[in-house]
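What follows is a short report on a single structure.
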Ligand code: NDP
């Protein structure tokens, strides 16, 4: 496994990590979740990603129970949660990034996990109703109280991240070290263009999500629609619609042929493509089966096969290279 610092922090994160969205506490049995975590841990993955909204709190309970049963030393792994969406309550105080929700959500996540502290705590989306100052102060205070060690954002704009940084800096508070954006062959703008300056200035780390675009970049939707997969799950019609577009399907077919030429499976090539970006601190893997994770772990060594020439061929297939503004 390769490790690197998360942004300018001293936190060393494995380049591949494991997330639990839609799987833990929902799509897969707890035993499978435990097997996935064991395989990940045995292969040097040290970061497990979670959020209050995942299976409405159940994902944290399942992960917490597994961590307890495994008895791994607390200093050998990083565990995260995220607040913003709540766990289903519709009242205005039950979601968002107010001091009230962040403090209560952190407390609740710790209980569900049965942990004393979270290594990483994310603001899962920006909150237009709460001043950024209040959010920064609250995250700083949670760190001072020992309930979280580092904090970050998810799907914030570069401007919002900079606002949080500047406020933290002016007031000698601890600012965010990491952003969690979507990043895969189809969604590139934020990671490749929007954040390009702040990698250099504030030293932003990135923990990127949906590297396989929810599985479409595995190539398994190329022919007949397969049973028992994410895009066939009830309630996820929006995700299916977003991903199974004719343009994406055409690109996936061409990418599949290229991956075969390289002697790689498409998921391995797609994950290695994400890893090739030096501004990606860690690629968060999702898996519903142990065999998928076993396969995906091979992406680390596959990076060597993605030469400049191969990267150019991928670029030509995708035809979506984000453009830097001219000024
Ligand atoms: P992916 O895009 O990689 O999708 C993972 C899914 O693809 C798996 O659950 C599985 O679904 C399928 N899959 C994975 N590997 C293979 C394979 N080798 N062959 C065939 N199918 C495969 O990642 P996720 O969307 O799961 O995102 C990863 C993590 O990122 C999440 O768990 C979460 O922690 C985080 N995340 C964060 C978000 C945020 O807003 N901050 C939003 C979304 C995710 P199946 O078998 O069911 O088809």
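The values are calculated or read from the model by the stated rules, or taken from the named source; none is laboratory data. The structure presented is a predicted model; accordingly, all values stated were derived computationally and were not measured. In this analysis, Cβ positions are derived from the backbone assuming ideal geometry, glycine residues included, and neighbour counts consider all displayed protein chains.
Looking at the stretch 28-44, which of its residues are in contact (Cβ under 8 Å) with a residue 60 or more places away in the chain and under 18 Å from the mean Cα position of the chain (by Cα)? Matches in the stretch 28-44: 36, 40. Any residue at all in the stretch 49-72 that is free of Cβ contacts under 8 Å to residues at least 12 places away in the same chain, under 18 Å from residue 114 (Cα atoms) and over 16 Å from the mean Cα position of the chain (by Cα)? Yes - at least one qualifying residue is present in the stretch 49-72.
Looking across the stretch 163-188, the residues that are within 13 Å of the ligand (Cβ to nearest atom) and either surrounded by fewer than 17 Cβ atoms within 10 Å (Cβ to Cβ) or free of Cβ contacts under 8 Å to residues at least 40 places away in the same chain (or both) come down to 179, 181, 182, 187. Applying the criterion of at least 2 residues that are more than 8 Å from the ligand (Cβ to nearest atom) and out of contact with any helix residue (DSSP H, G or I) (no Cβ under 8 Å at 6 or more places or on another chain) to the helices (runs of 4 or more DSSP H) found wholly in the stretch 213-303 leaves 237-243, 246-262. Residues considered: 208, 191. Of these, the only one that is part of a helix (DSSP H, G or I), within 14 Å of the ligand (Cβ to nearest atom), out of contact with any helix residue (DSSP H, G or I) (no Cβ under 6 Å at 6 or more places or on another chain) and in contact (Cβ under 8 Å) with a residue 12 or more places away in the chain is 191. Filtering the stretch 73-96 to residues that are within 20 Å of residue 181 (Cα to Cα) and under 19 Å from the mean Cα position of the chain (by Cα) leaves 78, 79, 80, 81, 82, 83, 84, 85, 86.
Taking the stretch 62-81 only, how many residues are buried (at least 18 other Cβ atoms within 10 Å of the Cβ) and in a helix (DSSP H, G or I)? Break it down stepwise before answering.
Just the residues of the stretch 62-81 that are buried (at least 18 other Cβ atoms within 10 Å of the Cβ), to begin with: 62-64, 66-67, 77-81.
Narrowing the set further to residues that are in a helix (DSSP H, G or I) leaves 62-64, 66-67.
Here the count works out to 5.
If you go through the stretch 113-121 one residue at a time, do you hit one that is modelled with pLDDT of 95 or more, closer than 17 Å to residue 60 by Cβ, within 16 Å of the ligand (Cβ to nearest atom) and touching a helix residue (DSSP H, G or I) at 6+ places or on another chain (Cβ under 6 Å)?
yes
The C-beta contact set for the stretch 221-241 (first residue closer than 21 Å to residue 266 by Cβ and free of Cβ contacts under 8 Å to residues at least 40 places away in the same chain, second residue more than 10 Å from the ligand (Cβ to nearest atom) and part of a loop (DSSP other than H, G, I, E, B), distance under 9 angstrom, 6+ apart or interchain) comprises 221/244; 225/244; 231/225; 231/244; 232/225.
Tell me yes or no: at least one residue of the stretch 11-19 is modelled with pLDDT of 95 or more and under 23 Å from residue 233 (Cα atoms). Walk me through how you get there before you give the answer.
We begin by selecting, within the stretch 11-19, every residue modelled with pLDDT of 95 or more; these are 11-19.
From what is left, the residues that are under 23 Å from residue 233 (Cα atoms) are 18-19.
Looking for residues that are modelled with pLDDT of 95 or more and under 23 Å from residue 233 (Cα atoms), one finds at least one in the stretch 11-19, hence yes.
When you scan the stretch 5-15, do you find a residue that is within 16 Å of the ligand (Cβ to nearest atom), surrounded by 18 or more Cβ atoms within 10 Å (Cβ to Cβ) and more than 30 Å from residue 198 (Cα to Cα), even just one? Within the stretch 5-15, not a single residue is within 16 Å of the ligand (Cβ to nearest atom), surrounded by 18 or more Cβ atoms within 10 Å (Cβ to Cβ) and more than 30 Å from residue 198 (Cα to Cα). Within the stretch 81-102, track down each residue that is without any contact (Cβ under 8 Å) to a residue 60 or more places away in the chain, under 15 Å from residue 148 (Cα atoms) and within 15 Å of the ligand (Cβ to nearest atom). Within the stretch 81-102, 81, 83 qualify.
Quick one: is residue 160 within 23 Å of residue 203 (Cβ to Cβ), surrounded by fewer than 18 Cβ atoms within 10 Å (Cβ to Cβ) and within 16 Å of the ligand (Cβ to nearest atom)? Step through it out loud before you land on a result.
On the way: within 23 Å of residue 203 (Cβ to Cβ): yes; surrounded by fewer than 18 Cβ atoms within 10 Å (Cβ to Cβ): no; within 16 Å of the ligand (Cβ to nearest atom): yes.
For residue 160, the condition - within 23 Å of residue 203 (Cβ to Cβ), surrounded by fewer than 18 Cβ atoms within 10 Å (Cβ to Cβ) and within 16 Å of the ligand (Cβ to nearest atom) - is not met.
Residues in the stretch 138-157 that are surrounded by fewer than 17 Cβ atoms within 10 Å (Cβ to Cβ) and part of a loop (DSSP other than H, G, I, E, B): 145, 146, 157.
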